[in-house]
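Step one of this worksheet: look at the structure below.
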Amino acid sequence: MAKYDFKPTGTERTFGEDEVIVSKTDLKGRITYGNEVFLRISGYPEKEIVGAPHSILRHPSMPRSVFKLLWSQIESGQEIFAYVINMAMGGDHYWVLAHVTPTFDESGKIAGYHSNRRKPEKSQIEKVTALYRSLRDIEDRAADKKIGMEQSLAHLNSQLKARGIGYDEFVFSL
């Protein structure tokens, strides 16, 4: 797999409301499968994306704290819904409402992860963008990336606690 280092272009890619982006990863987050919609929207050829870490799609404006929350949830065997901004090959971006679930083997152990992603409404993106910007600001102000991510996650959790809801409930309240 080639190494890419794209800068965001500010150009948004979209996909149909009836389309679903599907990908699967192993336990370390390396892509093992991507459907045609995933390949088209991400812009990566299958031979280059399979085996790559899913983080290859990470947009720099996406808060690390949300990924920490996501990984914590799925590694514990639970599903999660999350709004995610991804970066395609070349630097374009696309928003998704992701439903990420662990995949279990015959003995009940987590064998990998499966993600189905749908196109979110513009109004949902606008609402989550403000929250994500505040979380990224917290992360960026910290001298240490790990401390910034922990502070951002603590802020997110305090916002959810103040509302008396979990992250999934927050996602569906937008």
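The values are calculated or read from the model by the stated rules, or taken from the named source; none is laboratory data. Being a predicted model, the structure only gives us computed values, none of them experimental. Here the Cβ positions follow ideal geometry from the backbone for every residue, glycine too, while neighbour counts run over all protein chains shown.
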Any residue in the stretch 147-174 that is of a type in the set (A, V, I, L, M) sitting within a Cβ distance under 7 Å of a residue that is not in a helix (DSSP H, G or I)? List the pairs, counting only those 6 or more apart or interchain.
L160/G166; V171/F81; V171/A82; V171/Y83
So, in the stretch 37-54, how many residues would count as being under 15 Å from V22 (Cα atoms), part of a helix (DSSP H, G or I) and either out of contact with any helix residue (DSSP H, G or I) (no Cβ under 7 Å at 6 or more places or on another chain) or not hydroxyl-bearing (S, T, Y) (or both)?
8
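Which residues, taken from the stretch 93-108, are over 23 Å from L156 (Cβ atoms) and either surrounded by 14 or more Cβ atoms within 10 Å (Cβ to Cβ) or among the small types (G, A, S) (or both)? Let's see the steps before the verdict.
Applying the first criterion (over 23 Å from L156 (Cβ atoms)) to the stretch 93-108 yields 103-108.
Matches in the stretch 93-108: T103, S107, G108.
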Subset of the stretch 109-143 that is among the aliphatic types (A, V, I, L, M) and outside any strand (DSSP E or B) - its residue that is surrounded by the fewest Cβ atoms within 10 Å (Cβ to Cβ)
A143
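Could you list, in sequence order, the residues of the stretch 1-13 that are of a type outside the set (F, W, Y), surrounded by 11 or more Cβ atoms within 10 Å (Cβ to Cβ) and in a loop (DSSP other than H, G, I, E, B)? First the steps, then the outcome.
Going residue by residue through the stretch 1-13, those that are of a type outside the set (F, W, Y) are 1-3, 5, 7-13.
Add one more test, that the residue is surrounded by 11 or more Cβ atoms within 10 Å (Cβ to Cβ), and what stays is 1, 8-9, 11-13.
Listed by number, the residues that qualify are M1, P8, T9, T11, R13.
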Residue within the stretch 43-52 that is under 30 Å from L160 (Cβ atoms), of a type in the set (A, V, I, L, M, F, W, C) and surrounded by 13 or more Cβ atoms within 10 Å (Cβ to Cβ) present
no
Is it the case that the stretch 111-122 has a residue that's at pLDDT 95 or above and farther than 22 Å from V20 by Cα?
yes
Considering only residues that are surrounded by 15 or more Cβ atoms within 10 Å (Cβ to Cβ) and more than 16 Å from the chain's Cα centre (by Cα), look in the stretch 14-30 and name the one that is farthest from T101 (Cα to Cα).
F15
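Going by the conditions given, is A82 out of contact with any helix residue (DSSP H, G or I) (no Cβ under 6 Å at 6 or more places or on another chain) and hydrophobic (A, V, I, L, M, F, W, C)?
Values: out of contact with any helix residue (DSSP H, G or I) (no Cβ under 6 Å at 6 or more places or on another chain): no; hydrophobic (A, V, I, L, M, F, W, C): yes.
Considered against the rule, which asks whether it is out of contact with any helix residue (DSSP H, G or I) (no Cβ under 6 Å at 6 or more places or on another chain) and hydrophobic (A, V, I, L, M, F, W, C), A82 comes out as no.
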Could you identify the single residue in S65, S61, S55 that is surrounded by fewer than 15 Cβ atoms within 10 Å (Cβ to Cβ), closer than 29 Å to G166 by Cβ, among the small types (G, A, S) and touching a His at 6+ places or on another chain (Cβ under 9 Å)?
S61
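Can you name the residue in the stretch 76-91 that is touching a Phe, Trp or Tyr at 6+ places or on another chain (Cβ under 9 Å) and without any contact (Cβ under 8 Å) to a residue 40 or more places away in the chain and is also nearest to E150 (Cα to Cα) among such residues? Spell out the reasoning first.
To start, the set of residues in the stretch 76-91 that are touching a Phe, Trp or Tyr at 6+ places or on another chain (Cβ under 9 Å) comprises 77, 80-91.
Filter once more, so that each one left must be without any contact (Cβ under 8 Å) to a residue 40 or more places away in the chain: 77, 84.
Details: G77: 22, V84: 19 Å.
The qualifying residue nearest to E150 (Cα to Cα) is V84.
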